[in-house]
Amino acid sequence: MSTAIYDLFALTPSAQLALHPSLAGYTGLPVEEVRAIVLAEHDHNSALSVLACVEAALRTDYLKRCYTKQKDDIARSFRDIYKKRAERARLDDDILACWRDSSSIPKVLIGELIGAFNYRHWLAHGRYWTQKFGRLYDYPTVYTIADAFLEAMKQHE
């Protein structure tokens, strides 16, 4: 997709780009600047999608462990949460806290994932505040963290 966006801006004359309906708000800006804005937005959307998939995997795993009454430490911790919150377990404070406290997944990796979810909150809720994440989050960074965590999760199935 990034290549397609780059090609659109590289191969389309500036006059035609100015007429494109999705670029109407960028009239008057240099093509290179508009391309950079569109590519950054694509990067944000891709990272948001990856984190939505990780959240879905975590919540699905949470419910599966609660319903199947597995005997591992994570499942026991999840069932304790389920008694209080049922399907409304909080991602950071409940589900990821259980993974941090009851699994062999490195705490640093879980901390990185929590930081990535803070980035997701910033993306999903309008980006109206100044982000203070302590590190740069972009699609490659988020994908690397998500992939490492999901692989580590597989060791606890």
Q. Within the range 41-59, is even one residue loosely packed, with under 12 Cβ neighbours inside 10 Å and modelled with pLDDT under 95?
A. yes
Q. Tell me, which residue of the range 17-67 that is over 22 Å from PHE149 (Cβ atoms) and hydroxyl-bearing (Ser, Thr, Tyr) is farthest from the chain's Cα centre (by Cα)?
A. THR27
Q: Any residue in the range 70-88 that's surrounded by 16 or more Cβ atoms within 10 Å (Cβ to Cβ): show its pairings with residues that are hydroxyl-bearing (Ser, Thr, Tyr) and outside any helix (DSSP H, G or I) at Cβ separation under 8 Å, as long as the two are six or more apart or on different chains.
A: ILE74/SER103
Q: Being in contact (Cβ under 8 Å) with a residue 60 or more places away in the chain and of a type in the set (Gly, Ala, Ser) is the filter here, so list the residues in the range 100-128 that pass it.
A: ALA116, ALA124
Q: Could you tell me whether any residue of the range 129-142 is among the small types (Gly, Ala, Ser) and touching a residue at least 40 places away in the same chain (Cβ under 8 Å)?
A: no
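The values are calculated or read from the model by the stated rules, or taken from the named source; none is laboratory data. Here the structure is a predicted model, which means the values were calculated and not measured. All Cβ positions, glycine included, derive from the backbone under ideal geometry; neighbour counts span all protein chains shown.
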